[in-house]
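**Q** Here it is, the structure, as structure tokens.
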Amino acid sequence: MSEGQGSSGNVIAAICSFFIPGLGQLVQGRVFKALIMFVLAAVLWIIWLGWIIHLWSIVDAAMFRRRY
């Protein structure tokens, strides 16, 4: 199976993002996206909306499809 949606790499990335928003994107090598996810989640957790970014981070890591 090629790397992409549903691959074991994406499952691991989604699990990483479950614990720390943006960590899954970092594992996938998407540093800029990881930084955005982490900062947005941190800022929004202050007003109790960080869970939105946290969930988005998990789903984004799980659904990522590398373009060659």
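**Q** Would you mind calculating the relative contact order of the chain from Cα pairs under 8 angstrom and at least 6 residues apart, reporting the percent as a whole number?
**A** Relative contact order comes out at 41 percent.
**Q** To continue, here is another question. Could you pull out the trypsin sites (Lys or Arg not before Pro) across the stretch 15-68 that fall in loop regions by DSSP (anything but H, G, I, E, B) with no more than 10 other Cβ atoms inside 10 Å?
**A** Here the trypsin sites (Lys or Arg not before Pro) that fit, given the DSSP loop and packing criteria, are Arg67.
**Q** Roughly speaking, to the nearest percent, how much of the chain's 1.4 Å accessible area is carbon and sulfur?
**A** Roughly 76 percent of what the probe reaches on the chain is carbon or sulfur.
**Q** So, for the chain, what is the accessible surface per residue at a probe of 1.4 Å, expressed in square angstrom?
**A** 69 Å²
**Q** Using packing as a proxy for protection, rank 54-60, 43-49 so that the peptide with the highest average count of other Cβ atoms within 10 Å comes first.
**A** In decreasing order of mean packing, 54-60, 43-49 become 54-60, 43-49.
The values are calculated or read from the model by the stated rules, or taken from the named source; none is laboratory data. Owing to the predicted nature of the structure, the values given are computational and were not obtained by experimental measurement. Cβ: placed from backbone, ideal geometry, glycine included. Neighbour counts: every protein chain shown. Accessible surface areas use protein heavy atoms only, side chains included; no ligands, DNA or RNA. Shrake-Rupley method; radii C 1.70, N 1.55, O 1.52, S 1.80 Å.
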